[in-house]
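Step one of this worksheet: look at the structure below.
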Amino acid sequence: MQVAIITGVGSGIGLATARQLFDAGMAIVGVGRDPGKLAAMAQELGDPKRVATVAVDIAADEAPQQIVSSALDRFGRIDFLINNAGLGSPKPLHETDDEMLDHFLGVMLRAPFRLARDVIVHMQPGSAIINVTSTFAVVGGRRGGAYSASKGGLTALTLHMACEYGAQGIRSNCVAPGVTLTDMVSGRMEDKGFKRMNTEMTPAPRLGTVEDVASTIAFLCSDGAAHINGQTIVVDGGWSTTK
């Protein structure tokens, strides 16, 4: 039985990914800060033999060791790592103070780096790491600031891992969502300018859903993606390439 670690699993893309990989027969190690959300996820999936949860701040120094130990103690292997945990509501460069910079880089670059570092030494051929980035790491975006810096760094890290570990049969890829209907962005849809930019400039007749992103992640964990390495798959309805 294959085992997938998913960070930010309590809601949104992480939860949708847990559902899809669980339905594909995998065991899930769900990581998040909220024990209540983790318990709800485990209850929804419904098979305690295939679900483990780790309640931890992903940016904490002890987080990677705690996550990896939990996965190995419970299931004895790690096949997939999905670095999904993230933050929203960034500010442009001139409005970003050091505290915000450190927080964004800590959660969305330092934490995935450290977790991948601890996970990859336990991976066997056929394993894969999927880093959830953003269209802001593919094209320019206003108000990106520390968010853009974090996601751009994560993209570069993914390319390094693809090159360094691909010969061992360990693939590394990015999934870059555009604006996706999650709790993190729902409030911003009240901004008429934001809504117009992302609806009128997207060729697809709707915005993306968490299931759109999760199905792409699930594909990258499947045998069908066995020869895909070092790539970014953008899931945005065509927004980034046509805007």
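The values are calculated or read from the model by the stated rules, or taken from the named source; none is laboratory data. What you are looking at is a predicted structure, and each value in this text was computed from that prediction instead of being measured. Here Cβ is always computed from backbone atoms with ideal geometry, including for glycine, and neighbour counts include all displayed protein chains. Each accessible area value is taken on the protein alone, full model and side chains, heavy atoms only, with ligands, DNA and RNA left out. Shrake-Rupley method; radii C 1.70, N 1.55, O 1.52, S 1.80 Å.
Only protein atoms count toward the accessible area here, which uses a 1.4 Å probe; on region 116-216, the carbon and sulfur part of that area reaches 54 percent. The simple Förster model, with R0 at 30 Å and r as the Cβ-Cβ distance, assigns S222 and E62 a FRET efficiency of 0.40. Karplus-derived 3J(HN,Hα) values for region 102-107, using 6.51 cos²θ - 1.76 cosθ + 1.60 with θ = phi - 60°, are 5, 5, 5, 5, x, 7 Hz; glycine and proline are entered as x.
Taken one residue at a time, the phi angles of region 145-160 give Karplus couplings (6.51, -1.76, 1.60, θ = phi - 60°) of x, 5, 5, 4, 4, 5, 5, x, x, 5, 5, 5, 4, 4, 5, 4 Hz. Gly and Pro are set to x. Summing charges over all other residues whose Cβ lies under 14 Å from the Cβ of R171, with Lys and Arg as +1 and Asp and Glu as -1, gives -3.
Within straight cross-link reach of K195, meaning Cα distance under 26 Å, which lysines are found once same-chain residues fewer than 8 apart are removed? Leaving aside lysines fewer than 8 places away in the same chain, those within reach of K195 are K91, K151, K243. Of the residues L45, L159, L15, the one that moves most in a GNM of the chain with alpha-carbon contacts below 10 Å is L45. Please give the FRET efficiency for A39 paired with A204, using the beta carbon to beta carbon distance and R0 = 41 Å, rounded to the nearest 0.05. My answer for the efficiency is 0.70. In this structure region 8-106 gives 48 Å² per residue of accessible area when probed at 1.4 Å with all protein chains present.
DSSP assigns beta bridges within the chain; of those with both partners inside it, close to 0 percent run antiparallel. Separation of region 131-185 from region 200-215 is 17 Å, based on Cα centroids. Put a plus charge on the Cβ of each Lys and Arg, a minus charge on the Cβ of each Asp and Glu, and nothing anywhere else: the dipole of region 135-243 about its Cα centre is then about 440 debye.
Subtracting the Cα-Cα distance of D47 and R110 from 0.36 nm times their residue separation leaves 19.5 nm of extension gain.
Distance between the modelled labels on R117 and R143, one decimal in nanometres: 3.3 nm (7 Å Cα→Cβ projection). The aspartates and glutamates whose alpha-carbon is closer than 18 Å to the alpha-carbon of K37, local same-chain residues fewer than 8 away aside, are D47, D57, D183.
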